[in-house]
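Every read-out reported here was derived from the displayed coordinates using simple, explicitly stated rules and does not represent laboratory data. These figures come from a predicted structure and were not determined experimentally. Glycine also receives a Cβ, built like all others from the backbone with ideal geometry; neighbour counts cover every protein chain displayed.
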Amino acid sequence: MEVSCTPTLDGMLSYEAAVEQLVTAAVPIEDELPVDLHAALGRLLAQPVVSAIDVPGWDYSAMDGYAVRAQDCEFAGVELPISQRVPAGVSPSPLAPGTAARIFTGAPIPAGADSVVIQEACEAREAAVGINTAVQAGSNIRRRGEDIRAGAEVVAAGTRLLPQHLGLAASVGIAELSVRRRPRVALFASGDELVMPGDSLAPGKIYNSNMSTASALLRLLGCEVIDLGIVEDTLEATKAALRDGARQADLVLASGGVSVGEEDHVKPAVEALGSLDMWRIAIRPGKPLAFGHVEGTPFIGTPGNPVSLFVTFVLLARPFILRLQGRADWRPQPRHAIAEFDWPRPDKRREFQRARVEFDDQGLAHLQVHQSRSSGVLSSVTWANALAVIAEGRVIRRGDDVTFIPFSELLT
């Protein structure tokens, strides 16, 4: 995608300029707290994990077989008495010269032994073993510290902790990790037409899907959500909700009320309580996205249409939130596919259309777009698994190369 950092289309910002402004304005949260290892999944590591031990802590057998001295087995056909049995979890005695130790995978190598002969190359006899191969020193032994050395950093600060990181921390004996505090996000929706699911639906009312969508998106990113509910369409109620959110949270996120209609009060309320630093972006859907500060707390206002909320969140709010967390991996990675659609009427704005990608037998990606361009058709988002990125002014014909961003890049 081409990068533009200048206003376009009657003062609207380009997508790249908007994202850059958002991530630049995000001040990473520095607060850290200790959490139990088993509660750290998905959290951002504040302090590096450093190992106090070698892993493994001793030389051990990589196979079931027999621990020997290579000098006792220079030729195939040697028979050695079995002097001890060494399962995993025991501390063996030193190996007497001219003997073998029955040993199992993961068990410590007895002092004096320098090789393990796999059991398939041996013939077990009464109190003895026949070694049917010449043995080279060091065979089938995993060395102390082969995985991790004492003093080594095993997980870097700033890492978003995945299961493998927790397993690695456990392998060096770490039971508690220092992580960043979760961002606190105050969330509300504007609209007198909104009612919550479960309530009766009177004429002219609609169920509030935006709170459920936005709250889930925030929790997927590891945020603590402060639910301010539905705010009535008045300037004073909007200002009160903004003040309430700003005093509790690291970010206030609102859906609806960010346009310029008579019942859209978010923009003037933000301007009255702080500053509106960005408004209107040259994208479809989601043009009227607002960013500013309310009493010093960052504010993001998304459009009220449910598809616009989803798209602007994953493309614009998500990078801001990831930077609040101190993460550097906020950039989604676009991919390429073969268009399975025609796009004959280009737009002056960049379009992010709901799309479904499927792969053929050769592994090539093929992309369809949803038949509806309406930002009110929320079912199109559940049908989709990606966003097709259609550049400003571009005409697409079936078979053309087209760019897309999979949801897997946008929901973590």
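Of note:
- The label point for residue 82 and the one for residue 338, both projected 7 Å from the Cα toward the Cβ, are 6.1 nm apart.
- Taking packing as the residue-averaged number of other Cβ atoms within 10 angstrom, the listed peptides 329-337, 294-302 run from highest to lowest as 294-302, 329-337.
- With R₀ set to 56 Å, the beta-carbon distance separating residue 373 from residue 152 gives a calculated FRET efficiency near 0.55.
- Dipole orientation for the chain: of the candidates 302, 104, 171, 302 has the Cα lying most toward the positive pole (charges on Cβ; Lys, Arg +1; Asp, Glu -1).
- Among beta bridges that DSSP assigns inside the chain, antiparallel share in %, nearest 5: 70 percent
- In nm, spacing of pseudo-spin labels at residue 62 and residue 96 (7 Å Cα→C-beta vector): 3.0 nm
- Distant-in-sequence amide contacts of residue 148, defined by a placed amide H-H separation under 5 Å and a gap of 5 or more residues or a different chain, comprise 55.
- Once the convex hull of all Cα atoms in the stretch 60-142 is built, its volume per residue stands at 68 Å³.
- A dipole drawn for the stretch 81-188 from +1 and -1 charges on Cβ atoms has a positive end, and of 138, 186, 116 the residue lying farthest that way is 186.
- Annotation for residue 195 and residue 33: the two label points, set 7 Å from Cα along the Cα-Cβ direction, are 3.8 nm apart.
- Sparse-neighbourhood loop sites, GluC sites (Glu not before Pro) in the stretch 17-62 - DSSP loop, at most 15 other Cβ within 10 angstrom: 30
- For log10 I(q)/I(0) by the Debye sum over Cα atoms at q = 0.06, 0.13 Å⁻¹, calculated from these coordinates, the label among (i) -0.58, -1.15; (ii) -0.42, -1.06; (iii) -0.42, -1.20: (ii)
- Rounded to 10°, Cα long-axis angle of helix 235-248 versus longest principal axis of the chain: 20 degrees
- Here the stretch 47-79 is scanned for amide nitrogen atoms under 17 Å from the site 7 Å beyond the Cα of residue 120 along Cα-to-Cβ, giving 62-66.
- Amide proton proximity set for residue 284, modelled H, under 5 Å, gap of 5+: 350, 351, 352
- Peptide packing for 70-77, 39-46, 21-28 was compared via the average number of neighbouring C-beta atoms within 10 Å per residue; ordered from the highest value, the list is 39-46, 21-28, 70-77.
- Here's the picture: a label point sits 7 Å out from the Cα of residue 176 along the beta-carbon direction, and within the stretch 21-46 the residues with their amide nitrogen under 16 Å of it are 32-40, 46.
- Cβ-Cβ distance of residue 71 and residue 391, R₀ of 60 Å, FRET efficiency by 1/(1 + (r/R0)^6): the value works out to about 0.25.
- Residues in the stretch 387-395 carry Karplus couplings, in order, of 10, 7, 9, 10, 5, 4, x, 8, 9 Hz; the curve used is 6.51 cos²θ - 1.76 cosθ + 1.60 with θ = phi - 60°, and Gly or Pro positions show x.
- The residue 136 and residue 236 beta-carbon pair, evaluated with R₀ = 51 Å, returns a calculated FRET efficiency of approximately 0.05.
- Our estimate of slack between residue 361 and residue 328, defined as 0.36 nm per intervening residue step minus the Cα-Cα distance, is 8.4 nm.
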